[in-house]
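Undergrad: Below is a structure I'd like to ask you about.
Where a number appears in this text, it was derived from the coordinates with a stated rule and is not lab data. Not measured: the values here are computed from a predicted model. A quick note on method: Cβ atoms are made from the backbone with ideal geometry, for glycine too, and the neighbour counts reach across all protein chains shown.
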Amino acid sequence: MKTIYLDNNATTQVTPEVLSAMLPYFGNFYGNPSSMHSFGGQVAQKIRLAREQVAALLGAGPDEIIFTSCGTESDNAAIRSALATQPEKKHIIISRVEHPAIKSLCSYLATQGYRITELPVDKSGLLDLENLDKALTPDTAVVSLMWANNETGVIFPVEEAAAMAQERGVLFHTDAVQATGKIPVNLKNNKINMLSISGHKLHAPKGVGVLYIRRGTKFSPFLIGGHQERERRGGTENVPSIIGLGKACELAAQNMETENEKVRILRDKLENELLKKIPQSRVNGDKINRLPNTTNISFEYVEGEAILLLMNEQGICASSGSACTSGSLQPSHVLRAMGVPFTMAHGSIRFSLSVYNTETEIDFVSEKMAPIIERLRGMSPYWNSEKQACQSQ
Ligand code: PLP
């Protein structure tokens, strides 16, 4: 059975060109980039190139790029640095829909004496910057808002938010893990101090990330060790993955516009077909301010996990907006923050596409989804009682 992979916000396929660029550094070129000899030096040169490639995609300087192990590490390093460099400040502002890499870190920091403000979102998942304005205080150390949401694809106005924070003397971090490579992320003309990236979301391998630190922003390292990354992140570099991430960024800079237009057309086709074929279905999240590859669709009166199981039987991979916590299915914090009704939030599926998807795949998925939902609704007491109620009216 062929796999149809529509879960690219979870992870992406490594581009063949990226893999080719990496392979020699698992083999013959195994030197340590910190070594004095030229065997290590040639590896260091490749890391320099990767740093330039990442910086070019972001409109940043190579000295503003720190390689990390993942998006989670970058997020943690950014927030912890903001707190360490301003020990007198005890307030952090995030949104209610941040990824656990920020949200769970802040829940932990709340137990350590920090005050956390979580900005609400509206029913489309959008942020009202007036709420940010009201939340900023002289005690605020950092604002961290994601550039794009991993579940709905909704895009936040982070550049405006960063300008507001800067005006009030507050550091601004953005988790751009889902945005980078999908929409233009350019740091040249804005006030963002720190930004996180994860390699495996943009067709580079897992286990590598980036933290961008704007020149002039004070930084306190999270990992203390050797002199790597100009003493901002100790630890011998993950050489092949860094080289792969550099290549992936170079390709994204070259191809993003055309590839994402193709992806957007496929996403819209899938979305329109599903909404047309399946009654009582709806899109979660703003349809304009949204990543081109993501659609989060709720199918009323069915469980997301049950849908995923039946999709899996057809070889279709996607994600659900509900997760099994303590034996009960809970809708995601993102959908709850948006106030998605209970019967809708439980049956939400995130489809996230990439340039590797084809129209034939989208046609296949559109065709298979309606019978899956119909079958599950046939077993749903809620759906059946709703149908009876409608018939008796
Ligand atoms: N931030 C966002 C928005 C994400 O979607 C993810 C991963 O899903 C992360 C952070 C964490 O990235 P990583 O898996 O590289 O730790």
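Undergrad: Rounded, prolate or oblate: pick one for the chain, where a ≥ b ≥ c are the square roots of the eigenvalues of its C-alpha gyration tensor, a/c under 1.5 means rounded, and failing that, prolate if a/b is larger than b/c, else oblate. Working shown, then result.
TA: Working: a/c = 2.23, a/b = 1.40, b/c = 1.59.
The shape class here is oblate.
Undergrad: In addition: Going down the table (Lys182/Lys262; Lys269/Lys368; Lys206/Lys368; Lys182/Lys247; Lys123/Lys287; Lys201/Lys247), which pairs top 21 Å between alpha carbons?
TA: Long pairs (Cα-Cα over 21 Å): Lys206/Lys368.
Undergrad: Here is a follow-up. Rank-order 37-43, 315-321, 244-250 by packing density, defined as the average count of other C-beta atoms within 10 Å over each peptide's residues, highest first.
TA: 244-250, 315-321, 37-43
Undergrad: Here is a follow-up. Please determine, in degrees from 0 to 90 and to the nearest 10, the orientation of helix 38-58 with respect to the longest principal axis defined by the Cα atoms of the chain, where the helix direction is its Cα long axis.
TA: 50 degrees
Undergrad: Pairing the Cα long axis of helix 100-110 with the longest principal axis of the chain, what angle in degrees results, from 0 to 90 and rounded to the nearest 10?
TA: It works out to around 70 degrees.
Undergrad: A further question on this structure: Just need the Rg to Rh number for segment 1-107, please, alpha carbons only, Kirkwood Rh.
TA: Rounded to two decimals, Rg/Rh equals 1.06.
Undergrad: Residue-wise, which Karplus ³J(HN,Hα) couplings in Hz belong to segment 257-263, taking 6.51 cos²θ - 1.76 cosθ + 1.60, θ = phi - 60°, and x for glycine or proline?
TA: 4, 6, 5, 6, 5, 5, 5
Undergrad: Which of Ser34, Phe67, Leu49 sits farthest toward the positive end of the charge dipole of segment 21-85, with +1 on the Cβ of Lys and Arg and -1 on the Cβ of Asp and Glu?
TA: Farthest towards the positive pole: Ser34.
Undergrad: Taking amide H positions as placed 1.01 Å from N in the peptide plane, with prolines and chain starts having none, which residues 5 or more places from Arg233, or on another chain, fall under 5 Å of its amide H?
TA: The list, which skips near neighbours in sequence, is empty: none.
Undergrad: Select from Ala318, Asn260, Gly304 the residue farthest towards the positive end of the dipole of segment 242-330; place +1 on Cβ of Lys and Arg, -1 on Cβ of Asp and Glu, and compute about the Cα centre.
TA: Asn260
Undergrad: Given a 10 angstrom Cα cut-off, can you work out which residue in Val177, Val97, Val340 is the most mobile in a GNM of the chain?
TA: Taking springs between Cα atoms under 10 Å, the residue moving most is Val340.
Undergrad: With the chain treated as a Gaussian network of Cα nodes joined by springs under 10 Å, which of Ile242, Ile278, Ile297 yields the largest mean-square fluctuation?
TA: Ile278
Undergrad: How much length is gained if the chain between Gln330 and Lys276 is pulled fully straight, taking 0.36 nm per residue apart and subtracting their Cα-Cα distance, in nm to one decimal?
TA: Extra length available between Gln330 and Lys276 comes to 16.7 nm.
Undergrad: About its Cα centre, what dipole magnitude does segment 16-252 give when the only charges are +1 on Lys and Arg Cβ and -1 on Asp and Glu Cβ, stated in debye to the nearest 20?
TA: Using only the charged Cβ atoms, the result is roughly 380 debye.
Undergrad: If you don't mind, there's one more thing I want to ask. Tell me what the chain gives for mean residue ellipticity at 222 nm when only DSSP H runs of n ≥ 4 count, each as -39,500 (n - 2.57), the sum divided by the residue total, rounded to 500 deg cm²/dmol.
TA: -13000 deg cm²/dmol
Undergrad: Measure nothing fancy, just the Cα-based angle from helix 359-378's long axis to the longest principal axis of the chain, in degrees from 0 to 90, nearest 10.
TA: 50 degrees
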